[in-house]
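Comments concern the structure below.
The values are calculated or read from the model by the stated rules, or taken from the named source; none is laboratory data. Only a predicted model underlies this, so the values are computations on that prediction, with no experimental measurement involved. Quick reminder, even Gly has a Cβ in these numbers, built from the backbone with ideal geometry, and neighbours come from all protein chains shown.
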Amino acid sequence: MAFEIDVLITFANDDNQQSEIDQGWVSNFKKFLEMMLIQVLGKKPNIMLKSEHDSITGGNLNKVAVIVPILSPAFMESGESLDTLESFISGNSKSDVTRVFKVHKRPVPVEDQPSKLKELIVYNLFEIDNDNGEVVDIIDFFSPEAERSFWMKMVDLAYDIHESLIVLNEIDTYAEVKQILDKRSIYLAETGYDLSIQRNIIIRE
């Protein structure tokens with residue numbers, strides 16, 4: 001099964017505000033994800049950005065392998081972003097392969113998320129201020145704090161997307177050996193932010 005777009009990143013405009021010295025949070029996210037996927041895939045993936053006002057039809061969504069919604073309060077208030085996500089999920093609801101990767105730029109309570117997103121693994125790409133407990137956007141991507149939070153989750157995300165892309169691009173072979181690839185599910189409880197590093201270590205093990 002061939003796809004024209006390997007990864008579609010959909011986001012609200014407010015989450016990619018640009019400045020004279022920065023190209024925007026989502027643009028940086030795309031750049032970093034592409035670099036990591038090149039390493040694990042061995043080739044450059046086709047990654048497309050879609051802001052809330054960019055037009056993409058249902059037919060074009062059928063040519064997308066996986067979608068990465070950048071969740072935030074702004075995303076949840078954007079009808080266009082939610083419509084794109086719903087259209088993609090509805091068109092691929094029967095797939096055995098994970099095709100939606102839920103990234104949190106800012107926290108969104110589970111009860112506020114679309115029902116089909118609630119049980120998906122979340123990749124939290126924000127920081128919590130240890131002094132006041134407030135959510136902080138990651139601006140310095142190469143700080144020690146970002147290394148512990150942002151980059152560890154980016155590695156997980158890149159490998160998980162890599163696995164789905166491999167299966168989706170070899171779906172016929174996958175169907176024949178599905179029983180071999182079946183794994184048991186292990187459920188790991190959420191933890192406080194102070195234990196997130198330890199939790200990530202357990203996930204990898």
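Some notes on this structure:
- Screening the candidates 66, 100 for the property of being in contact with a strand residue (DSSP E or B) (Cβ under 6 Å, 6 or more places away or on another chain), free of Cβ contacts under 8 Å to residues at least 60 places away in the same chain and closer than 20 Å to residue 167 by Cβ yields one hit, 100.
- Listed by position, the helices (runs of 4 or more DSSP H) contained in segment 61-176 that have at least 2 residues being loosely packed, with under 12 Cβ neighbours inside 10 Å and among the charged types (D, E, K, R) are 171-176.
- Residue match in segment 75-83 (condition: modelled with pLDDT under 90 and touching a Leu at 6+ places or on another chain (Cβ under 9 Å)): no
- Selection within segment 42-60 - of a type in the set (Val, Ile, Thr) and either part of a helix (DSSP H, G or I) or out of contact with any helix residue (DSSP H, G or I) (no Cβ under 8 Å at 6 or more places or on another chain) (or both): 57
- In segment 1-16, residue farthest from residue 38 (Cα to Cα) [restricted to those that are part of a strand (DSSP E or B) and not hydroxyl-bearing (Ser, Thr, Tyr)]: 11
- If you filter segment 177-194 down to residues that are within 25 Å of residue 109 (Cα to Cα) and at pLDDT below 70, you find that the one that is surrounded by the most Cβ atoms within 10 Å (Cβ to Cβ) is 193.
- Residue ID - modelled with the lowest pLDDT, chosen from residues in segment 36-74 that are among the small types (Gly, Ala, Ser) and more than 17 Å from residue 98 (Cα to Cα): 58
- Selection from segment 7-21 of residues that are small (Gly, Ala, Ser) and surrounded by 15 or more Cβ atoms within 10 Å (Cβ to Cβ): 12
- Comparison of 24, 42 shows that the only residue that is on the phi > 0 side of the Ramachandran plot, out of contact with any Phe, Trp or Tyr (no Cβ under 8 Å at 6 or more places or on another chain) and crowded, with 16+ Cβ neighbours inside 10 Å is 24.
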